[in-house]
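Read through the structure below, which is laid out as structure tokens, and then see the notes.
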Amino acid sequence: MKAIDKLRANFPILFQEVNDEPLIYLDNAATTQKPKQVLEVLNQYYQQDNANVHRGVHTLGERATTAYEASREKVRQFINAHSTKEILFTRGTTTSLNWVARSFGDQFVEDGDEIVISYMEHHSNIVPWQQIAKRKGAILKYIELTDEGELDMQDARQKITPKTKIVSLTHSSNVLGVTNPIKELAQLAHEVGAIMVADGAQAVPHMPVDVQELDVDFYAFSGHKMCGPTGIGVLYGKQSWLEKIEPIEFGGEMIDFVYDQESTWAELPYKFEAGTPNIAGAIGLGAAIDYLTALDMSQIHAYEQAIVEYVLPKLQAIEGVTVYGPSTTANHTAVLSFNIDGVHPHDVATAMDMQGVAVRAGHHCAQPLLRYLDVSATARASFYFYNTLEEVDKFIDAVIATKEFFSHGII
Ligand code: PMP
């Protein structure tokens, strides 16, 4: 058995036929599949340990709390945060970014301040900032992209000025597949006294990430894009900021004392986690981190780099196919957005699905980017470490067959 076959055997969902063809799952940027190891941990938790956390002194309560807090420690190690006080469990990247925008934004953004994002952001790193900018009279600025679909660093240097309060950028794009130099951008932000927020939804699952090395103030990501369950995510925040900012949700768990008219907050990280958290989700995320760590994030990154080096030139070589994002693989994750001339991307995705290949079509929650690229939608294939080079070949064949079908009517 080849190593990849052994690894794929952990993902039962991959072994099925779709439209009478073997499934080739290439929608990993939307969500990834879950290995048995994660499913078993979830099952075991609900079958043997289920209880509320941080409350009961009974045995199950202790077990659930221990497992929940052990997951927080796993997250801490995984992104090399300084302390578990800096790891907040959220519902996902969207919630994490909303928390920063609401909390930091309400307290520190003032009339005339500037918030700098870019044209390659996901809606969840645009709309929360629009809202805070509207409420506070701040100005939302967009860093331009180069013709290659990379962040224009010259423009970044011009847009990040002493008026900037917040710089919030994606670490890796969910459409262009480009990875941004977050460390350098954090330096630019800090030089002018701004904070650096990064959206790590498409980076943490695919490469080693060290938040101290990047020197980001806040960093957001989702469990379901890294082999974990849905409904769980992380907001990392530097302890000094988390101590200064106010929670945005209030209720049980996040308090220290509650008086008739006033309350005081619990210590970090509990101050931000109001109510019963997604206990099973956090424990499942911990299991996903164990799984990824055993595989080794550097190896995962190297493997996906090999995939992109293999697939990108093949896709580029198909006449009548436009590929968006960098034309070279140096800074390229295994996310490829493309269009076939004269064929609507929804038709591309439907024709590919008929061949068993799951790709996404649409605006990928990045309407300003698609407007910037002057396209209304794209098809997107996104790979993960369980995809094989044989699957890449079948994907390329399916793109060619789809193109032929729409020009001649045959698949
Ligand atoms: N940012 C990026 C770059 C993403 O790809 C996604 C998910 N498509 C999100 C944010 C939002 O993540 P979630 O839906 O898990 O909150």
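Answer with yes or no whether Ala70 is within 21 Å of Tyr291 (Cα to Cα), open to solvent by less than 10 Å² (accessible area, probe 1.4 Å) and away from the ligand (no atom under 16 Å from the Cβ). When the stated conditions are applied, Ala70 does not pass them.
Val178 falls short on exactly one of the conditions (1) surrounded by fewer than 21 Cβ atoms within 10 Å (Cβ to Cβ); (2) more than 21 Å from Gln107 (Cα to Cα), and that condition is (1). Looking only at residues in the range 237-266 that are charged (D, E, K, R) and at pLDDT 95 or above, the one that is most open to solvent (accessible area, probe 1.4 Å) is Asp260.
Suppose we keep only residues that are basic (Lys, Arg) and within 16 Å of the ligand (Cβ to nearest atom) within the range 355-407. Which one would you say is farthest from Glu144 (Cα to Cα)? Checking each candidate, the answer is Arg360. Criterion first (among the aromatic types (Phe, Trp, Tyr) and under 19 Å from Ala30 (Cβ atoms)) does Phe383 satisfy it? In short, yes. Of the helices (runs of 4 or more DSSP H) lying entirely inside the range 1-109, the ones with 3 or more residues being more than 30 Å from Met352 (Cα to Cα) are found at 36-44, 59-79, 93-108. Restricting the range 219-236 to residues that are more than 11 Å from the chain's Cα centre (by Cα) and either within 23 Å of Tyr386 (Cβ to Cβ) or within 9 Å of the ligand (Cβ to nearest atom) (or both), the residue that is most open to solvent (accessible area, probe 1.4 Å) is Thr230. The single condition from (1) open to solvent by 10 Å² or more (accessible area, probe 1.4 Å); (2) touching a helix residue (DSSP H, G or I) at 6+ places or on another chain (Cβ under 6 Å); (3) not polar (S, T, N, Q) that Val311 fails is (1). A single entry from Glu184, Glu144, Glu110, Glu148 fulfils the requirement of being open to solvent by 10 Å² or more (accessible area, probe 1.4 Å), within 18 Å of Met196 (Cβ to Cβ) and more than 16 Å from the ligand (Cβ to nearest atom): Glu184.
Of everything in the range 81-107 that is more than 17 Å from the chain's Cα centre (by Cα) and among the polar types (S, T, N, Q), the residue that is most open to solvent (accessible area, probe 1.4 Å) is Gln107.
The values are calculated or read from the model by the stated rules, or taken from the named source; none is laboratory data. What you see is a predicted model, and the numbers here were worked out from it, not measured in a lab. Glycine also receives a Cβ, built like all others from the backbone with ideal geometry; neighbour counts cover every protein chain displayed. Heavy atoms of the whole protein, side chains included, go into the accessibility calculation; ligands, DNA and RNA do not. Shrake-Rupley method; radii C 1.70, N 1.55, O 1.52, S 1.80 Å.
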